[in-house]
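Visitor: I have a structure here, written as structure tokens, and I will follow up with some questions on it.
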Amino acid sequence: VRLAAATIAWGSQVAHVRVTARSFGVHHPRVPVFAAFVDGPAPGGGAVEPFTPLSLEALGVPRPEHLRFRYDRDALAYACTPSLLRHVMDLGYDAVVFLKLETLVLDRLQSVVDGLERHPVVATPHLVAPLEGSDRVARELNILLSGVYNVGVLGVRACDETRAFLGWWADRLERHCRHAPHEGMHFEQRWIDFLPAFVPGATVLRDVTVNVAHWNLRERRVTVRDARVLVDGRPVAVFRFSGFDPDRAAASRYAPHLTPDVLGEAWLVFERYRRALEDEGWTGTRGLPYAYAAFDNGVVVPQVARAMYAELGEETDRFGDPFATSGPDSYYAWLQQDAAAGAPAEPVVSRLWYWVYRRRSDLQAVYADVLGRDRAGFAGWARDHGCDEIHVPRAFLAPGMA
Amino acid sequence: VTAPRIAAVTVATASYLPRVHALAASLGRHEPSIALTATIVDGHGGGRAGGARTQPLEEAAPTLAARLRAAYEPPALAMAAKASAMRHALDAGADRVVLLDADLLVLADLGPLVHAPGDVVVVPHLLGPARGPGAEAAELRLLQAGVMNAGVVAASNTPPGREFVAWWEDRLVQACRHDLAAGVHYDQRWLDLAPGLFEGVTVLRDPGIDVAYWNLHERSRPWRLFHFSGFDPACPERATKYVPGLSVADLGEAAASLFRGYAALLAAIEA
């Protein structure tokens, strides 16, 4: 079996990618690691990297500039995960293990590799046993909102069933890779709740040594014996650091209550991961700019503009490059034009701000006639509160209001 | 070697007694060795509905009935009591219990379900991606409501099977409501967790089991177990109350005639 590993990130996370790739290489020395960077070729200035870099263009993502505008950095990486796996299969590998960002490999992924011998897909659930304690219902419901299976470790074998599944997943993520739990979405992850239903033979790997992470640390007893990290007495294969901030003494921004005191010996693994990040150049690379954060005039792309673009779907074809700002036909100019057709009115209530207005009943209550006599009031709200509240650059305020 | 003892259970309100009757008759025809016990949650005492034995909630769940009644009203009460009805059958000595919603009809032997390997059997709504222009929306609705369908569930009288039933019963006592923002869709979404939480969970991908308006496009014959979910015999031309505008005729000739036959059967039972 020709096996490969794959991960996807962006330039300022290159230290994380190096840690994942190098730790994987220790235990799987002859298995190549492919790392896709959604904002271009890998940074790093010619260093010998423990991975083979890939660009979004190489993955065969259709019209990558649309996806790069539609999604912010993190969501873009999530949305391109199935395309990455398909691409690595197309390079001639029989099986691919996906390792999401913030992963440290501590032992061979034997159970995953074995699973791929017999199954087209190996998925890892967040939880492998019912929870106990008074918050058991709340915690299990939280998993139902984020996804039964964790994309952190996902094995796929090259076969027709897997290709069909990855094709479907990529297709859904072109439009639906958002954080909207009440709509059934949690970026790329909830979609794979369909795995056991859609893929004959897909298997659920109930292995406590894989995907040890903040959501299951309370149930899995982690001990550290010299260099060995054990869970319930067995060597950990994959430890995940989802939401870990190396500057903070906590397991994850999603679990701020998991402090070093609470974590006990498990905290040693977080410290080890932080040191590994430092060794791999975290301090020097963490500030690398994201290449698709701003329009070509330097104005940061607000989340609102990305969401509007996603909602427009095929209609965005007429704008050409969405990051371009020159010319009256640009998306940038379109966002700034008045939402009302007809005679010009002052101050302008732009399409961008009107889109915000239509989603906010509080604003509708106060500025009922927003395209008429409430124009000035609403534009004042945008200037005094709106920009800060929803992170919109002041370049989007109406002329004369900034 | 004796054949495994299979028990079938359903939980319903008294208004569904004609459906229970129809289900019991169809089960008796195609699986004569499997008896159906119906737990009737709103007041109907012990007795029979066609071939089914009926029992009150207090008999299925003596220790939990009061809590369930305090927490839920019908029809949520019937959904919340499903796991208790399963446990009751296992406690009575069944080797495997099969939970069937009362609005199912058995059309052929249930071999693929009854003899499915594993300790727990769950059944997905869809066996592959939805199709057509509304496909993404249909899939997102299932991600909110549950990938697995709570209309058909089986558990064996083994440690993992019993563990699953005890877990589902506990969760249903606490959270069997409709609150999509919280991740709850009555009894159903809980089942999506089962393949991760328990050993020996089979996700049954059989084209004849749990055929319904939401999956007719992907199902082949024979249809073994048909689900008339949301069908109201008082409006016999509407396929389901859950999809406004979907008529029985939209489902194709074979399904349409099945719906008409089912409506006639319910009418005959009520008469």
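The values are calculated or read from the model by the stated rules, or taken from the named source; none is laboratory data. Since the model is a prediction, treat every value here as computed from it, not as a measurement. Note that each Cβ is placed from the backbone with ideal geometry, even for glycine, and that neighbours are counted across all protein chains shown. All accessible areas refer to the heavy atoms of the entire protein, side chains included, with ligands and DNA or RNA removed. Shrake-Rupley method; radii C 1.70, N 1.55, O 1.52, S 1.80 Å.
Results for (1) open to solvent by 60 Å² or more (accessible area, probe 1.4 Å); (2) without any contact (Cβ under 8 Å) to a residue 12 or more places away in the chain, shown as yes or no for each residue.
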{"position": "B:W167", "(1), (2)": "no, no"}
{"position": "B:H185", "(1), (2)": "no, no"}
{"position": "B:Q188", "(1), (2)": "no, no"}
{"position": "B:L193", "(1), (2)": "no, yes"}
{"position": "B:L225", "(1), (2)": "no, no"}
{"position": "B:C235", "(1), (2)": "no, yes"}
{"position": "B:L246", "(1), (2)": "no, no"}
{"position": "B:A255", "(1), (2)": "no, no"}
{"position": "B:A268", "(1), (2)": "yes, yes"}
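Visitor: Is it true that some residue in region A:377-387 is open to solvent by 40 Å² or more (accessible area, probe 1.4 Å), closer than 18 Å to A:M308 by Cβ and out of contact with any Asp or Glu (no Cβ under 6 Å at 6 or more places or on another chain)? Step through it out loud before you land on a result.
Guide: Start the filter on region A:377-387 by keeping residues that are open to solvent by 40 Å² or more (accessible area, probe 1.4 Å), which leaves A:383-385.
From what's left, closer than 18 Å to A:M308 by Cβ: none.
Checking region A:377-387: not a single residue is open to solvent by 40 Å² or more (accessible area, probe 1.4 Å), closer than 18 Å to A:M308 by Cβ and out of contact with any Asp or Glu (no Cβ under 6 Å at 6 or more places or on another chain).
Visitor: Taking B:V165 as the residue in question, decide whether it is of a type in the set (A, V, I, L, M, F, W, C), at the interface with chain A (Cβ under 10 Å from one of its Cβ atoms) and either touching a helix residue (DSSP H, G or I) at 6+ places or on another chain (Cβ under 7 Å) or assigned to a loop (DSSP other than H, G, I, E, B) (or both).
Guide: Working: of a type in the set (A, V, I, L, M, F, W, C): yes; at the interface with chain A (Cβ under 10 Å from one of its Cβ atoms): no; either touching a helix residue (DSSP H, G or I) at 6+ places or on another chain (Cβ under 7 Å) or assigned to a loop (DSSP other than H, G, I, E, B) (or both): yes.
Answer is no for this residue.
Visitor: In region B:127-152, which residues are in a loop (DSSP other than H, G, I, E, B), of a type in the set (A, V, I, L, M, F, W, C) and at the interface with another protein chain (Cβ under 8 Å from one of its Cβ atoms)?
Guide: Initial filter on region B:127-152 (in a loop (DSSP other than H, G, I, E, B)): B:127-134, B:146-147.
After this cut, where a residue has to be of a type in the set (A, V, I, L, M, F, W, C) as well, the list is B:127, B:130, B:147.
Selection gives B:L127, B:V147.
Visitor: Go through (1) crowded, with 17+ Cβ neighbours inside 10 Å; (2) touching a helix residue (DSSP H, G or I) at 6+ places or on another chain (Cβ under 8 Å) and name the single condition B:G43 misses.
Guide: The number of the failed condition is (1).
Visitor: While we're looking at this one, here's another question. Between B:A175, B:A154, which is open to solvent by less than 10 Å² (accessible area, probe 1.4 Å), more than 24 Å from B:A255 (Cβ to Cβ) and over 14 Å from the mean Cα position of the chain (by Cα)?
Guide: Result of the check over B:A175, B:A154: B:A175.
Visitor: Could you tell me whether A:A42 is of a type in the set (A, V, I, L, M), more than 18 Å from the chain's Cα centre (by Cα) and modelled with pLDDT under 95?
Guide: So A:A42 does not fit the description; no.
Visitor: I've got another one for you. The conditions are (1) part of a strand (DSSP E or B); (2) out of contact with any strand residue (DSSP E or B) (no Cβ under 7 Å at 6 or more places or on another chain), and A:V122 fails exactly one of them. Which is it?
Guide: (2)
Visitor: Can you tell me which residue in region A:288-312 is surrounded by the fewest Cβ atoms within 10 Å (Cβ to Cβ), limited to those that are assigned to a loop (DSSP other than H, G, I, E, B) and within 19 Å of the chain's Cα centre (by Cα)? Steps first, answer last, please.
Guide: So in region A:288-312, the residues assigned to a loop (DSSP other than H, G, I, E, B) come out as A:288-293, A:295-299, A:301-302.
Within this subset, residues satisfying the condition of being within 19 Å of the chain's Cα centre (by Cα) are A:288-293, A:301-302.
Numbers: A:L288: 15, A:P289: 10, A:Y290: 16, A:A291: 15, A:Y292: 22, A:A293: 13, A:V301: 20, A:P302: 19.
Checking each candidate, the answer is A:P289.
Visitor: Turning to a different aspect of this structure: Only one residue in A:D321, A:D338 is open to solvent by 30 Å² or more (accessible area, probe 1.4 Å), more than 26 Å from the chain's Cα centre (by Cα) and charged (D, E, K, R), so which one is that?
Guide: Details: A:D321 fails: more than 26 Å from the chain's Cα centre (by Cα).
Within the list A:D321, A:D338, the selection yields A:D338.
Visitor: Can you report the number of residues in region B:173-206 which are closer than 27 Å to A:H179 by Cα, of a type outside the set (D, E) and touching a strand residue (DSSP E or B) at 6+ places or on another chain (Cβ under 9 Å)?
Guide: Of region B:173-206, the ones closer than 27 Å to A:H179 by Cα are B:174-197.
Narrowing further to those that are of a type outside the set (D, E): B:174-178, B:180-186, B:188-191, B:193-197.
If we keep only those that are touching a strand residue (DSSP E or B) at 6+ places or on another chain (Cβ under 9 Å) as well, we get B:175-178, B:184-186, B:188-191, B:193-197.
Here the count works out to 16.
Visitor: Can you work out which of the residues in region A:144-164 that are assigned to a helix (DSSP H, G or I) and open to solvent by 10 Å² or more (accessible area, probe 1.4 Å) is nearest to the other protein chains (Cβ to nearest Cβ)? Explain how you work it out, then say what you get.
Guide: Filtering region A:144-164 down to residues assigned to a helix (DSSP H, G or I) leaves A:144-146, A:160-164.
Okay, now just the ones that are also open to solvent by 10 Å² or more (accessible area, probe 1.4 Å), so A:145-146, A:160-161, A:163-164.
Working: A:L145: 4, A:S146: 9, A:D160: 13, A:E161: 10, A:R163: 13, A:A164: 8 Å.
For region A:144-164, the residue satisfying everything is A:L145.
Visitor: Also, I was wondering about something else. Select from region A:332-368 the residues that are part of a helix (DSSP H, G or I) and either touching a Lys or Arg at 6+ places or on another chain (Cβ under 7 Å) or touching a residue at least 24 places away in the same chain (Cβ under 8 Å) (or both) and list them in ascending order. Talk me through it step by step, then tell me what you get.
Guide: Step one: filter region A:332-368 for residues part of a helix (DSSP H, G or I), giving A:332-336, A:351-358, A:361-366.
Hits for region A:332-368 are A:Y332, A:W334, A:L335, A:Q336, A:R351, A:L352, A:W353, A:W355, A:V356.
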